[in-house]
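A short worksheet on the structure shown next.
The values are calculated or read from the model by the stated rules, or taken from the named source; none is laboratory data. On a predicted model such as this, the values are computed, not experimentally measured, just so you know. Here Cβ is always computed from backbone atoms with ideal geometry, including for glycine, and neighbour counts include all displayed protein chains.
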Amino acid sequence: MNAMSKPDTPVLELRGVSKVYSVKQGLMGARKPLRAVNDVNLTLGRSEVLGLVGESGCGKSTLAKILLGLEAPTSGEVLVDGEAIGSHDRLKLARRIQPIFQDPYSSLNPRKSIAEIISLPLRVHGIGDHASQTKAVREILDVVGLPARVMNTYPSQMSGGQRQRVAIARALIMKPEIVICDEPTSALDVSVQSQILNLLGELRREFGLTYLFISHNLAVVEHLATRVAVMYLGRIVEEAETGALFDASRHPYSRALLDSVLTPEPGLGVPDTHLGAAYPNPINPPPGCAFHPRCASATAFCAARAPRPVASGDGLVECHLYDPETEMFQR
Amino acid sequence: MSDLSDPLLQEITGPTPGQLLRKRVFGHQGLIFGLAVVAILAVVAILAPVIAPHDPYAQSLVARMKPPVFLGGTWENPLGTDHLGRDYLSRLIYGARVSLMIGGIAALISGVIGTAMGVAAGYFGGKVDAVVTFLINVRLAMPVVLVALAVVAILGGSLTVVIAVLGLLLWDRFAVVMRASTLQVRGREYVAAAQAIGASTPRILLSEIMPNIVNNLIVVVTLEMAHAILLEAALSFLGLGVQPPTPSWGLMVSEGKNMMLFEPWLVLIPGAVLFVLVLAINLMGDGLRDVTAPENRS
């Protein structure tokens, strides 16, 4: 993986991106800020695959929405090829970034034929006439491994794996550079999952695509990603090369996530991660390091002061354990 | 490239949604009955001048209150004549025009208003939703019959006024149902996909959201049609709807009520026809809901 050197300009860069929702609790409650995404910095080089992992509710999907231009960040900026994207050039953005969603049963309009679904991007952007659009649909169906005769069928006539291939075809027909995969296999059978993952891998090699691969399935991320970012409560707590993260993860949360993977060995029982079941309320995040109430290595210092990102190896880790400056306070 | 040999991918089988729909429609007796009755009455209303045996306005004092043929009358007036000697069958046939026209146009006007409000509230949410919800509550706080009575009393009863009043009052159910359906559909990922593609808001509303909520709309249209027809009959019965001598079923009941003890068919015949039409429209709406409801799909 190290052979894949970082190109000069990242295809996609997030600088201090935050998204704050204002949430009302109860009928009369005052509005409180909910920091869904909190000061996230990420860079993606060309044809890299960045795996984004984290628990449900940690802000992964909000981040995906910001990247797709469906939500505007409260602060910070998103750069594509070094150019900041604004809300005004949604069409331009759409040609470069396309999504693949989690649930292929919900991501295809049940009232439209497969040809209509796949050709929608071409029609919205006014590319080509009807004949050339049909031809493009035919070609992309071949690329994703579906026979051309599915063009006149409807989503309800297809299986989950076939539907996800249609969703991939729709995302790729505009030849985007970046594809945001929001848990693209979690709604599929295990046997179909590997087919879709292999397809995504082949397409990346063929078209030089860059993926942001959001998942809570660590095995899938290890299989596909070149870099991995671990997200907790809206923040990236660790980022590293895939190999480095899986072999020697540093942040206690990353270690707990890796430990939580069930092994096929019977008799080993459910792994103990020391995480407990309580996920903190994002409206009232814990003070200091947001992870300290669940952290096995936490000290009193962790509750008092938030950690800062520390460069470590090729990546980043945000934990007092690895910050030389705070180490002395902890002792 | 990948897996074209996979047998799963070769087998794209099963009937199309259109075929499934046709099968469900013809398997639903209530829907077929409702559709048939409404279609027959619509044809009768359209062809009224051709079908009606007499002029519905022609009075004849020598032929007053002739009984219908099944009560010993003649085939000259199959359903008898009213207190002014007008042919009852002809008035009934022309009355279908009034009922269906009021039902249809009032449902159309309120449908356009209510759907626009409901879809906008459901899709945009926030302040738009707050305003629409407030308007719906205001409207629900007004009793329809009372408001209609007041307006008709001020402006005078005529077909146009009745249609306009009902059209401007019956949009509440459209707004409520369309708002709820839109809320449900806009959370689906295909809407997010269309947004990410860069599709414009009108395009998303018309081509992604509308096709998925139109079945609910059809059901509400039928319910409100029946509602409007009944309200017109009630207003006409009270003398505040369609004015004589225009033939209207509600008016016919009203005119016959003085003779009800001696000639009950004067009330029963228009009453029965009204009952059958409203029943048929409701059966049609019920059937359409059954046929298009997602939980009914296999």
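Go through region A:152-194 residue by residue and tally those that are under 20 Å from A:Val220 (Cα atoms), within 18 Å of the chain's Cα centre (by Cα) and not in a helix (DSSP H, G or I).
Residues that pass the stated criteria total 11.
Please work out which one of (1) away from chain B (no Cβ under 11 Å); (2) among the hydrophobic types (A, V, I, L, M, F, W, C); (3) within 20 Å of B:Ala193 (Cα to Cα) is the condition A:Ala187 fails and give its number.
So A:Ala187 meets the others, but not (1).
State whether one or more residues within region A:63-85 are in a helix (DSSP H, G or I) and within 19 Å of B:Arg203 (Cα to Cα).
Filtering region A:63-85 down to residues in a helix (DSSP H, G or I) leaves A:63-67.
With the extra rule that they be within 19 Å of B:Arg203 (Cα to Cα), the set shrinks to none.
Scanning region A:63-85 turns up no residue that is in a helix (DSSP H, G or I) and within 19 Å of B:Arg203 (Cα to Cα).
Of the residues that sit in region A:74-103 and are of a type in the set (A, V, I, L, M) and under 21 Å from A:Asp182 (Cβ atoms), which one is modelled with the lowest pLDDT? Quick ask: steps written out before the conclusion?
Let us first name the residues in region A:74-103 that are of a type in the set (A, V, I, L, M), namely A:78-80, A:84-85, A:91, A:93-94, A:97, A:100.
Filter once more, so that each one left must be under 21 Å from A:Asp182 (Cβ atoms): A:78-80, A:85, A:93-94, A:97, A:100.
Values: A:Val78: 85, A:Leu79: 83, A:Val80: 82, A:Ile85: 74, A:Leu93: 80, A:Ala94: 83, A:Ile97: 88, A:Ile100: 91.
Among them, the one singled out is A:Ile85.
Any residue at all in region B:254-266 that is touching a residue at least 24 places away in the same chain (Cβ under 8 Å), crowded, with 20+ Cβ neighbours inside 10 Å and out of contact with any Phe, Trp or Tyr (no Cβ under 9 Å at 6 or more places or on another chain)?
Looking for residues that are touching a residue at least 24 places away in the same chain (Cβ under 8 Å), crowded, with 20+ Cβ neighbours inside 10 Å and out of contact with any Phe, Trp or Tyr (no Cβ under 9 Å at 6 or more places or on another chain), one finds at least one in region B:254-266, hence yes.
Consider only pairs whose beta carbons are under 7 Å apart and that are at least six residues apart or on different chains; among these, list those whose first residue lies in region A:63-77 and is away from chain B (no Cβ under 13 Å) and whose second residue is crowded, with 17+ Cβ neighbours inside 10 Å and β-branched (Val, Ile, Thr).
Close Cβ pairs satisfying both conditions: A:Leu63/A:Val37; A:Leu63/A:Val40; A:Pro73/A:Val17; A:Pro73/A:Ile66; A:Gly76/A:Val17.
Restricting to region A:132-146, count the residues that are out of contact with any Lys or Arg (no Cβ under 9 Å at 6 or more places or on another chain) and more than 13 Å from chain B (Cβ to nearest Cβ). First the steps, then the outcome.
Going residue by residue through region A:132-146, those that are out of contact with any Lys or Arg (no Cβ under 9 Å at 6 or more places or on another chain) are A:132, A:134-139, A:142-143.
Adding the requirement that they be more than 13 Å from chain B (Cβ to nearest Cβ) leaves A:132, A:134-138.
Residues in region A:132-146 being out of contact with any Lys or Arg (no Cβ under 9 Å at 6 or more places or on another chain) and more than 13 Å from chain B (Cβ to nearest Cβ): 6 in total.
In the list A:Gly76, A:Gly126, which residue meets the criterion of being at positive phi and in contact with an Asp or Glu (Cβ under 9 Å, 6 or more places away or on another chain)?
Working: A:Gly126 fails: in contact with an Asp or Glu (Cβ under 9 Å, 6 or more places away or on another chain).
Exactly one of A:Gly76, A:Gly126 is at positive phi and in contact with an Asp or Glu (Cβ under 9 Å, 6 or more places away or on another chain), namely A:Gly76.
From the list A:Val190, A:Val230, A:Val237, A:Val220, pick out the single residue that is more than 30 Å from A:Ser75 (Cβ to Cβ) and either buried (at least 24 other Cβ atoms within 10 Å of the Cβ) or in contact with a strand residue (DSSP E or B) (Cβ under 9 Å, 6 or more places away or on another chain) (or both). Break it down into steps so the answer makes sense when it comes.
Values: A:Val190 fails: either buried (at least 24 other Cβ atoms within 10 Å of the Cβ) or in contact with a strand residue (DSSP E or B) (Cβ under 9 Å, 6 or more places away or on another chain) (or both); A:Val230 fails: more than 30 Å from A:Ser75 (Cβ to Cβ); A:Val237 fails: more than 30 Å from A:Ser75 (Cβ to Cβ).
Sole residue among the options that is more than 30 Å from A:Ser75 (Cβ to Cβ) and either buried (at least 24 other Cβ atoms within 10 Å of the Cβ) or in contact with a strand residue (DSSP E or B) (Cβ under 9 Å, 6 or more places away or on another chain) (or both): A:Val220.
Per-residue answers, yes or no, for (1) assigned to a helix (DSSP H, G or I); (2) more than 26 Å from A:Glu177 (Cβ to Cβ); (3) out of contact with any His (no Cβ under 8 Å at 6 or more places or on another chain):
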position	(1), (2), (3)
A:Ile196	yes, no, yes
A:Leu199	yes, no, yes
A:Arg204	yes, no, yes
A:Phe213	no, no, yes
A:Glu222	yes, no, yes
A:Phe246	yes, yes, yes
A:Ser254	yes, yes, yes
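How about region A:64-107: which of its residues are touching a Lys or Arg at 6+ places or on another chain (Cβ under 9 Å), among the hydroxyl-bearing types (Ser, Thr, Tyr) and within 20 Å of B:Ala199 (Cα to Cα)?
Scanning region A:64-107 gives A:Ser106, A:Ser107.
Of everything in region B:16-42 that's within 30 Å of A:Val144 (Cβ to Cβ) and loosely packed, with under 12 Cβ neighbours inside 10 Å, which residue is modelled with the lowest pLDDT? Before the answer, list the steps.
Here is the first cut: in region B:16-42, the residues within 30 Å of A:Val144 (Cβ to Cβ) are B:16-21.
Restricting the remaining residues to those that are loosely packed, with under 12 Cβ neighbours inside 10 Å gives B:18-19.
On the way: B:Gly18: 71, B:Gln19: 75.
If we take residues in region B:16-42 being within 30 Å of A:Val144 (Cβ to Cβ) and loosely packed, with under 12 Cβ neighbours inside 10 Å, then B:Gly18 is modelled with the lowest pLDDT.
Among all residue pairs at least 6 apart or on different chains, which show Cβ distances below 9 Å where the first residue, located in region A:202-221, is within 14 Å of chain B (Cβ to nearest Cβ) and the second is of a type in the set (D, E, K, R)?
Correct list of pairs: A:Phe207/A:Lys175; A:Phe207/A:Glu177; A:Leu212/A:Asp182; A:Ile214/A:Lys60; A:Ile214/A:Asp182; A:Ile214/A:Glu183.
Hey, could you check region A:86-128 for residues that are aliphatic (A, V, I, L, M) and in a loop (DSSP other than H, G, I, E, B) and say which is nearest to the chain's Cα centre (by Cα)?
Taking region A:86-128 and keeping what is aliphatic (A, V, I, L, M), we get A:91, A:93-94, A:97, A:100, A:108, A:114-115, A:117-118, A:120, A:122, A:124, A:127.
Remaining after also requiring in a loop (DSSP other than H, G, I, E, B): A:108, A:127.
Working: A:Leu108: 20, A:Ile127: 29 Å.
Ranking the qualifying residues of region A:86-128, first place goes to A:Leu108.
How about region B:54-73: which of its residues are free of Cβ contacts under 8 Å to residues at least 60 places away in the same chain and either in contact with a Leu (Cβ under 6 Å, 6 or more places away or on another chain) or not in a loop (DSSP other than H, G, I, E, B) (or both)?
Of the residues in region B:54-73, the ones free of Cβ contacts under 8 Å to residues at least 60 places away in the same chain are B:54-55, B:58-64, B:66, B:69-70, B:72-73.
Once the filter is applied, which keeps residues that are free of Cβ contacts under 8 Å to residues at least 60 places away in the same chain and either in contact with a Leu (Cβ under 6 Å, 6 or more places away or on another chain) or not in a loop (DSSP other than H, G, I, E, B) (or both), region B:54-73 yields B:Gln59, B:Leu61, B:Val62, B:Ala63, B:Val69, B:Phe70.
Quickly run through region A:20-62 and pick out the residues that are at negative phi and part of a loop (DSSP other than H, G, I, E, B). Full working, then the answer.
Restricting attention to region A:20-62, the residues satisfying the condition of being at negative phi are A:20-25, A:27-38, A:40-46, A:48-53, A:55-56, A:58, A:60-62.
Of everything in region A:20-62, those that are at negative phi and part of a loop (DSSP other than H, G, I, E, B) turn out to be A:Gln25, A:Leu27, A:Met28, A:Gly29, A:Ala30, A:Gly45, A:Arg46, A:Glu48, A:Glu55, A:Ser56, A:Cys58.
Yes or no: A:Ser156 surrounded by fewer than 21 Cβ atoms within 10 Å (Cβ to Cβ) and not acidic (Asp, Glu)?
Values: surrounded by fewer than 21 Cβ atoms within 10 Å (Cβ to Cβ): yes; not acidic (Asp, Glu): yes.
Yes, satisfied.
Taking the stated definitions as given, is A:Asp129 more than 8 Å from chain B (Cβ to nearest Cβ), free of Cβ contacts under 8 Å to residues at least 12 places away in the same chain and more than 19 Å from A:Leu188 (Cβ to Cβ)? So that I can check it myself, show each step before the final result.
Working: more than 8 Å from chain B (Cβ to nearest Cβ): yes; free of Cβ contacts under 8 Å to residues at least 12 places away in the same chain: yes; more than 19 Å from A:Leu188 (Cβ to Cβ): yes.
Here the answer is yes, as A:Asp129 does meet what is asked.
Test A:Ile236 against the criterion of being at pLDDT 80 or above, under 23 Å from A:Ser56 (Cβ atoms) and within 14 Å of chain B (Cβ to nearest Cβ), and give yes or no.
No, not satisfied.
Just a yes or no: is a residue in region B:89-96 closer than 23 Å to B:Leu223 by Cβ and either of a type outside the set (Asp, Glu) or out of contact with any helix residue (DSSP H, G or I) (no Cβ under 8 Å at 6 or more places or on another chain) (or both)?
Residues of region B:89-96 closer than 23 Å to B:Leu223 by Cβ: B:95-96.
Going one step further and asking which of them are either of a type outside the set (Asp, Glu) or out of contact with any helix residue (DSSP H, G or I) (no Cβ under 8 Å at 6 or more places or on another chain) (or both), we end up with B:95-96.
Yes, region B:89-96 has at least one match.
Could you list all residues from region B:64-119 that are of a type in the set (D, E, K, R) and within 27 Å of B:Val214 (Cα to Cα)? Quick ask: steps written out before the conclusion?
Here is the first cut: in region B:64-119, the ones of a type in the set (D, E, K, R) are B:64, B:66, B:76, B:82, B:86-87, B:91, B:97.
Once the filter is applied, which keeps residues that are of a type in the set (D, E, K, R) and within 27 Å of B:Val214 (Cα to Cα), region B:64-119 yields only B:Arg97.
Just to verify a result, which residue in region A:251-295, among those that are among the hydroxyl-bearing types (Ser, Thr, Tyr) and within 18 Å of A:Glu222 (Cα to Cα), is modelled with the lowest pLDDT?
Start the filter on region A:251-295 by keeping residues that are among the hydroxyl-bearing types (Ser, Thr, Tyr), which leaves A:253-254, A:260, A:263, A:273, A:279.
Pick out the ones that are also within 18 Å of A:Glu222 (Cα to Cα) and you get A:253-254, A:260, A:263.
Values: A:Tyr253: 84, A:Ser254: 83, A:Ser260: 76, A:Thr263: 67.
Across region A:251-295, the extreme among qualifying residues is A:Thr263.
Is it the case that B:Ile269 is crowded, with 21+ Cβ neighbours inside 10 Å, of a type in the set (Val, Ile, Thr) and either within 20 Å of the chain's Cα centre (by Cα) or farther than 20 Å from B:Gly95 by Cα (or both)? Can you show your working first?
On the way: crowded, with 21+ Cβ neighbours inside 10 Å: yes; of a type in the set (Val, Ile, Thr): yes; either within 20 Å of the chain's Cα centre (by Cα) or farther than 20 Å from B:Gly95 by Cα (or both): no.
So B:Ile269 fails the test.
Tell me whether region A:101-117 contains one or more residues that are within 30 Å of A:Asn38 (Cα to Cα) and either among the aliphatic types (A, V, I, L, M) or more than 8 Å from chain B (Cβ to nearest Cβ) (or both).
Step one: filter region A:101-117 for residues within 30 Å of A:Asn38 (Cα to Cα), giving A:101-104, A:106-107.
Next, only the ones that are either among the aliphatic types (A, V, I, L, M) or more than 8 Å from chain B (Cβ to nearest Cβ) (or both) stay: A:104.
Yes; the residues of region A:101-117 include at least one that is within 30 Å of A:Asn38 (Cα to Cα) and either among the aliphatic types (A, V, I, L, M) or more than 8 Å from chain B (Cβ to nearest Cβ) (or both).
So which residues in region A:152-175 are facing chain B (nearest Cβ under 8 Å) and in contact with a strand residue (DSSP E or B) (Cβ under 6 Å, 6 or more places away or on another chain), if there are any at all?
Matches in region A:152-175: A:Ala167 only.
List the number of the failed condition for A:Arg149; all other conditions in (1) farther than 28 Å from B:Met210 by Cβ; (2) part of a strand (DSSP E or B); (3) at the interface with chain B (Cβ under 8 Å from one of its Cβ atoms) hold.
With respect to (1) farther than 28 Å from B:Met210 by Cβ; (2) part of a strand (DSSP E or B); (3) at the interface with chain B (Cβ under 8 Å from one of its Cβ atoms), A:Arg149 is out only on (2).
If you check A:Gln98 against the conditions, is it surrounded by 19 or more Cβ atoms within 10 Å (Cβ to Cβ) and more than 9 Å from chain B (Cβ to nearest Cβ)?
Details: surrounded by 19 or more Cβ atoms within 10 Å (Cβ to Cβ): yes; more than 9 Å from chain B (Cβ to nearest Cβ): no.
In short, no.
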